[in-house]
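The values are calculated or read from the model by the stated rules, or taken from the named source; none is laboratory data. Keep in mind that this is a model prediction, so the values were computed, not measured. Heads up, the Cβs are rebuilt from the backbone with ideal geometry, glycines too, and the neighbour counts pull from every protein chain shown. Calculation scope for accessible area: heavy atoms of the full protein, side chains included, ligands and nucleic acids excluded. Shrake-Rupley method; radii C 1.70, N 1.55, O 1.52, S 1.80 Å.
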Amino acid sequence: EKCGYASFMLKEIAEQPKAVADTLLGRIDGSGTLSLDEVRIPPGVLREVDKVVVVACGTAFHAGLIAKYAIEHWTRIPCEVELASEFRYRDPILDQQTLVVAISQSGETMDTLMALRHAREQGARVLAICNTNGSTIPRESDAVLYTHAGPEVAVASTKAFLTQLVACYLVALYLGQVRGTKYGDEIGDVVRDLSGISGAVERVLGTMDPVRQLARSLAHKNTVLFLGRHVGHPVALEGALKLKELAYMHAEGFAAGELKHGPIALIEEDLPVVVVVPSPRGRSVLHDKIVSNIQEIRARGARTIVIAEEGDEAVVPYADHLVRIPATPTLLQPLVATVPLQVFACELATARGNEVDQPRNLAKSVTVE
Ligand code: M6R
């Protein structure tokens, strides 16, 4: 069933363009309007929502962190994101106007399930974003938006993550559409951009040979750091998580702006640092700040691995290794920026002789708290 791939993980990485396209299928009409009737929460109720709380674990939590940017930008509803395992233990403030979004590939993660039960007990509505039909989390939620990634076998989540992002964008845009926010015009444009994103993921996959080669050359390292800003920060966290679980290496993701508040002390000669660079268009202030960060760490000896948009020339002088990704609107960049990090972790783990589909100590679905 690996269809000629050396691992399920490689197969699932390769399936991402289709998974993304399938998750969009039938949810956007020709005029760029979202039709999410399957989300059976009446528009009237969605108009009353005054807070969104996302709960999830691991990779799904990283999708939630990215969802916050999209939800707050397109809907102007405050959004919190919390690790499901922490949520109910701090007596969170919830009521009927709170929309809780529970994200889970398996739909069986106990931490996420307990968080949603707690939310419903407090009167909140729960919308599940889930990849597994009929699993417990969607069954116990008020509504569900399924991701259409197909079965994910490898323990490390890849295609499910990309489709969780798509689902999060759809929820954010739908909330914006229902509530008629001032970003109405932008929403139409983003919906069009989303329709082209599967092709962009495909293009990234076609350019991964140098990333594989780089990963193999770093197999003897002990530590890799990941930096990002804005939606690139959760992407950095995800890149680090993939490397931890597959390569059993010390890997940490930071918000690049935090470097000077501590982590820069970690930089030493030849330390690999992956930097996810925001688009030079959109949020160009952040772009310029991160270019300065790359300069700073390189001056201290770091080996910089820079993931930047095609056409971004400002990064070229400071990149020891440059990975190009297609230009996308800022909020959608994680869909293309994450892919090289998945390939990087998979290849590095393989070079270290690790079993990528079944990393040590981990299970595909974590059904204990
Ligand atoms: O099935 P879920 O999405 O609820 O699983 C959540 C996490 O356990 C999962 O994402 C885990 O972090 C993956 N192994 C990451 O690759």
Among the aspartates and glutamates, select those whose C-alpha is under 12 Å from the C-alpha of Lys68, and discard any that sit fewer than 8 residues away in the same chain. Glu80, Glu82
Taking the Cα centre of each part, how many Å lie between segment 192-251 and segment 289-363? 5
Using only protein heavy atoms and a 1.4 Å probe, report how much of Thr330 is accessible, in Å² to the nearest 10. 30
Net charge around Leu113, counting only other residues with Cβ within less than 14 Å of its Cβ (Lys, Arg = +1; Asp, Glu = -1)? -1
Send over a whole-number figure in Å² for the accessible area per residue of segment 159-242, probe 1.4 Å. 34
In the structure shown, of Lys2/Lys242; Lys18/Lys289; Lys51/Lys260; Lys11/Lys242, the pairs separated by more than 24 angstrom at the C-alpha atoms are Lys18/Lys289; Lys51/Lys260
May I ask you to derive the relative contact order of the chain, considering only C-alpha pairs under 8 Å and at least 6 residues apart, and to give it as an integer percent? 19
If you filter segment 203-286 for GluC sites (Glu not before Pro), then keep DSSP loop positions with at most 16 other Cβ within 10 Å, what is left? Glu268, Glu269
Probe 1.4 Å, all chains present, heavy atoms only: Tyr318 accessible area in Å², nearest 10, is 60
HN-Hα couplings for segment 94-109 via Karplus (6.51, -1.76, 1.60; θ = phi - 60°), in whole Hz with x for Gly/Pro, come out as 9, 8, 5, 8, 8, 9, 9, 10, 9, 9, 7, 5, 6, x, 10, 5
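Quick one: length gained pulling Ser31 to Lys289 fully straight, 0.36 nm per residue minus the C-alpha distance? Provide the component values of the computation, followed by the final result.
Working: separation 258, 0.36 × 258 = 92.88 nm, distance 3.77 nm.
Taking 0.36 nm per residue and subtracting the Cα distance, the gain is 89.1 nm.
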Which FRET efficiency, nearest 0.05, do Thr223 and Gln358 yield, Cβ-Cβ r, R0 25 Å? 0.55
